[in-house]
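Below is one structure; the comments refer to it alone.
Read-outs throughout are calculated quantities, based only on the coordinates presented, and are distinct from any laboratory measurement. Small disclaimer: the values here were computed from a predicted structure and weren't measured. Cβ: placed from backbone, ideal geometry, glycine included. Neighbour counts: every protein chain shown.
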Amino acid sequence: MRPRAISAGARNAIISAESEVFVSAATAWEIAIKRAAGKIDFPIDQFVSILDEKGYLPLAIDSMHAVTAGGLPPHHSDPFDRMLVAQALVEGLTVATADPVIAKYGVETLAG
């Protein structure tokens, strides 16, 4: 399995010094599950230090995120993507994604 690549524009926005980049706990959880299943090779034990090195900010999952994710329309079946949408809606964030379905939720995206 190869993740869909995001656009150069989205990548540039992420690495821009002016950007505040949040990385959801859902992302760490999904990577850990896929690594354990042998679907990806990623040094999950270094996840937090990689975030720190890049200057990315951790985004914990809280109850409002969970409630919002549970109430989303069924445009997307992936629970991790639904959580990212919920967090973006609650926190007023933009989602960097190559998945066009995410935009159906009315959340701002940096499209792939």
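Any residue at all in the range 19-35 that is among the polar types (S, T, N, Q), in a helix (DSSP H, G or I) and touching a residue at least 24 places away in the same chain (Cβ under 8 Å)? Among the residues of the range 19-35, at least one is among the polar types (S, T, N, Q), in a helix (DSSP H, G or I) and touching a residue at least 24 places away in the same chain (Cβ under 8 Å), which makes the answer yes.
Is at least one residue of the range 9-16 touching a Phe, Trp or Tyr at 6+ places or on another chain (Cβ under 6 Å), of a type outside the set (Val, Ile, Thr), touching a residue at least 40 places away in the same chain (Cβ under 8 Å) and in a helix (DSSP H, G or I)?
We begin by selecting, within the range 9-16, every residue touching a Phe, Trp or Tyr at 6+ places or on another chain (Cβ under 6 Å); these are none.
Within the range 9-16, none of the residues are touching a Phe, Trp or Tyr at 6+ places or on another chain (Cβ under 6 Å), of a type outside the set (Val, Ile, Thr), touching a residue at least 40 places away in the same chain (Cβ under 8 Å) and in a helix (DSSP H, G or I).
Residue check: Lys39 meets all listed conditions (1) over 20 Å from Leu93 (Cβ atoms); (2) surrounded by 13 or more Cβ atoms within 10 Å (Cβ to Cβ); (3) of a type outside the set (Ser, Thr, Tyr) but one, namely (2). Can you name the residue in the range 1-21 that is within 18 Å of Asp99 (Cα to Cα) and of a type in the set (A, V, I, L, M, F, W, C) and, of all such residues, is surrounded by the fewest Cβ atoms within 10 Å (Cβ to Cβ)? Looking at the filtered set, the residue picked out is Met1.
Yes/no matrix, rows are residues, columns are (1) touching a residue at least 60 places away in the same chain (Cβ under 8 Å); (2) in contact with a Phe, Trp or Tyr (Cβ under 7 Å, 6 or more places away or on another chain):
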| residue | (1), (2) |
| --- | --- |
| Gly70 | no, no |
| His75 | no, yes |
| Glu91 | yes, no |
| Ala98 | yes, no |
| Val101 | no, no |
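Taken over the range 57-101, the criterion of being surrounded by 19 or more Cβ atoms within 10 Å (Cβ to Cβ) and under 11 Å from the mean Cα position of the chain (by Cα) is satisfied by Leu59, Asp81, Arg82, Met83, Leu84, Val85, Ala86, Gln87, Ala88, Val95, Ala96, Thr97.
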